[in-house]
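The structure appears below as structure tokens.
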Amino acid sequence: MKKTLLVGFLLIAAFWAAAPASAHFGMIIPDKNLMERPGEITLEYRFWHPMENSGMSLVKPKAAGVALGEERADLLASLKEQKEGNATLWSGSYQVKKPGDYIFYMEPQPYWEPAEDCYIIHYTKTIVDALNAEEGWDQPLGLKMEIVPLTRPYGLWAGNSFTGKVLFKGAPLANADVEVEFYNNKGEMEIPAPVFVTQVVRTDANGVFTFTMPWGGWWGFAALTTDDQKMQKDGKPKNVELGGVLWIYLQPVK
Ligand SMILES: [Cu+2]
């Protein structure tokens, strides 16, 4: 009996170990994505495994800011380093004074991933609607890789679908994988098998994808491609995985 248990345990351990490396996500999570009146918004910046809620470390990003129409504000200098376990993350804040759709973004430093023999750069965004403006959420920022929402990215209910368009250097990216994860930071969702951690949907010929989220909370989309430029690592050219990441919030339904 004991032997059977041990063998079973080893089989399960081997099964988990053989699973593909978990997906990394750049993250920007504000304390709210709707502001009814002017005030402060606080934000967390991470490089994370959202569904497993396990930390990677995010070094200070190359760029962090907020866009409101043509206006830009640099938030990099205001970011404060935080620790969660061994992982480094960053917190920021911003004073919202007028109506509009505020697009918060970050460009991280290239992250070297030995397991995949490549660099990873996740251009990350989230959108906050202030004072019921409901205008500007579909504006591309001109990031090298980004998801432009075709569904208004706030005021969503659990069970809603989200449609987005993936742009690489400003042009629609066909046939690209978009990884989807729930931010399971309270551990409320149990993971029955490794394939449930990251969902995958592929863009069509116009770079468009749609995904339906079964429950409320924060959901992240990471559109992925390999950059057409390489980066040097120890004198050798290495691939660069580019991610266009977008985080949206769905209101739970009782
Ligand atoms: Cu990782």
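Here are some notes:
- Solvent-accessible surface (1.4 angstrom probe) belonging to TRP137, in square angstrom, nearest 10: 50 Å²
- Carbon plus sulfur fraction of accessible area for the chain, probe 1.4 Å, in percent: 54 percent
- When nucleic acids and ligands are ignored and a 1.4 Å probe is applied, VAL200 ends up with an accessible area of around 90 Å².
- Pair-distance profile P(r), taking every C-alpha pair of segment 162-254, with 5 angstrom steps and integer %: 3, 12, 20, 19, 16, 13, 10, 5, 2, 1, 0, 0
- These residues, ASP138, ASP74, go from largest to smallest accessible area, 1.4 Å probe, as ASP74, ASP138.
- Angle of helix 2-18 to the longest C-alpha principal axis of the chain, folded into 0 to 90 degrees and rounded to 10: 40°.
- Prolate/oblate/rounded call for segment 24-251, Cα gyration tensor, a/c under 1.5 rounded: rounded
- Measuring between alpha carbons in the structure, the pairs from LYS125/LYS238; LYS125/LYS233; LYS144/LYS230; LYS32/LYS125; LYS62/LYS238; LYS60/LYS97 lying more than 18 angstrom apart are LYS125/LYS238; LYS125/LYS233; LYS62/LYS238; LYS60/LYS97.
- Look at the dipole of the chain built from charges on Cβ: of PRO153, THR42, SER57, the Cα furthest out on the positive end belongs to SER57.
- Separation of alpha-carbon centers, segment 197-238 and segment 84-156, rounded to whole Å: 14 Å
- Debye, to nearest 20: dipole size of the chain, +1 on Lys, Arg Cβ, -1 on Asp, Glu Cβ: 440 debye
- Annotation: lysines with alpha-carbon distance below 18 angstrom to LYS254 (same-chain offsets under eight excluded): LYS186.
- Which of ARG37, ARG72, ARG46, ARG202 is most accessible, then next, and so on - probe 1.4 Å: ARG37, ARG202, ARG72, ARG46
- Segment LEU131-ASP204, length gained on full extension (0.36 nm per residue, minus Cα span): 22.8 nm
- Gyration tensor verdict on segment 75-123 (Cα atoms; rounded if a/c is under 1.5, prolate if a/b is larger than b/c, oblate otherwise): oblate
- Solvent-accessible area per residue in segment 154-203 equals 51 Å², computed with a 1.4 angstrom probe and all protein chains kept.
- Using a probe of 1.4 Å, the accessible surface attributed to GLU52 totals some 70 Å² when neighbouring protein chains are kept in position.
- Distance-filtered residues of segment 163-183 - backbone nitrogen under 13 Å, label point 7 angstrom along GLU113 Cα→Cβ: 177-180
The values are calculated or read from the model by the stated rules, or taken from the named source; none is laboratory data. Quick caveat, the model's predicted, so the values are computed rather than measured. Using ideal geometry, Cβ is built from the backbone for each residue, glycine included, and neighbour counts are taken over all protein chains shown. These accessible areas exclude ligands, DNA and RNA; they are computed on the full protein's heavy atoms, side chains included. Shrake-Rupley method; radii C 1.70, N 1.55, O 1.52, S 1.80 Å.
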